[in-house]
Amino acid sequence: MSAVGSQAAAASQSVGSPTPASDSATVGNLDVVEVEVEDDAPAAKKRKLRSEVWKDFDLISVNGVWKAKCHWCKKHLGGETRNGTTHLKNHLLVCEDRITRKGLTQSTLKLSANPKDGTVTLEKYVFDQDVARKELALMIIVHEYPLSMVDHIGFHKFCAALQPAFKLVSRNTIRKDILDMYQVQKQSMVNYIKKLSSRVAVTTDLWTANHQRKGYMAVTAHFLDEDWKLKSFLIR
């Protein structure tokens, strides 16, 4: 067979035989590979995310639209380039799931006044929900405020203006906090009195609450400590 006939036969054989399916094609000398992207999949490699806010979000595609998925509440926010990141930062400030599980750990500036010389200094502090709840319970105890004050709308607005991250509790919860504090202080007082070498004088005080028309009795222990200072403990 001549050379021309051999080339024609090879060409006809290649056209007639099927080729296996493949995701790649050859254009010139370059291989082009088609990659299918699943919907709702994280897109960290598809777009370079420079802002620190993306540590709390995943960039995903929802029905062909880029969305930012919050790690805490799983809410979807705008993730397009034109949306920017300001709305994502604002969301982290009010995301209740993030505040509840992580808490506010960012340092904040506060002014502290020295009562001796009247000077004012600028310091840093970190908000603590547990410390704030304890101070609220102590305020109610010292000033004999009603437990219902934590349910007042005006008090809610006042606390939100002072510290938006503070989560107010119900009257039943603050009542439990106060009783728990009482048990701790009671045990501490018992341990202290056990070590006393001086005598203890006990006095009682009776009164009637006008709004409840109930009688109450307070039992107080008085003693001198090691420095000869008079101490008084409310026992019951």
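The values are calculated or read from the model by the stated rules, or taken from the named source; none is laboratory data. No experiment lies behind these values; they were computed from the predicted model shown. As a convention, Cβ positions derive from the backbone with ideal geometry for all residues, glycine included, and neighbour counts pool all protein chains shown. Just so you know, the surface numbers come from the protein's heavy atoms only, side chains and all, with ligands and any DNA or RNA stripped out. Shrake-Rupley method; radii C 1.70, N 1.55, O 1.52, S 1.80 Å.
Before moving on, here are some points about what is shown:
- Between N114 and H76, the contour length at 0.36 nm per residue exceeds the Cα-Cα span by 8.9 nm.
- Links that overshoot a 24 Å alpha carbon limit, given the list K116/K157; K157/K186; K134/K229; K134/K186; K167/K214: K116/K157; K157/K186; K134/K229; K167/K214
- The slack between F127 and S188, meaning 0.36 nm per residue of separation minus the straight C-alpha distance, is 19.2 nm.
- Classification of the range 179-220 by its C-alpha gyration tensor yields an oblate form. The axis ratio a/c (a ≥ b ≥ c) is 1.5 or more, and b/c is at least a/b.
- Relative packing of 157-163, 173-179, which averages over residues the other C-beta atoms within 10 Å, highest first: 173-179, 157-163
- Those lysines that a straight Cα-Cα span of less than 23 Å connects to K48, excepting residues fewer than 8 apart in one chain: K67, K69, K74, K75, K89
- For the set S188, S197, solvent exposure ranked by accessible area (probe 1.4 Å, protein chains only) runs largest to smallest as S197, S188.
- Note on C70: accessible area is roughly 0 Å² with a 1.4 Å probe, heavy atoms of protein only.
- Note on surface exposure: W66, W228 rank W228, W66 by accessible area, highest first, 1.4 Å probe.
- Cβ-defined net charge surrounding V202, 15 Å radius [Lys, Arg +1; Asp, Glu -1]: +2
- Accessible surface computed residue by residue for the range 128-212, with neighbouring protein chains in place and a 1.4 Å probe, gives 77 Å² per residue.
- For the range 145-224, alpha-carbon Rg relative to the globular expectation (2.2 N^0.38 Å, N residues): 1.59
- Efficiency of FRET between L230 and A160 - r from beta-carbon atoms, R0 25 angstrom, step 0.05: 0.05
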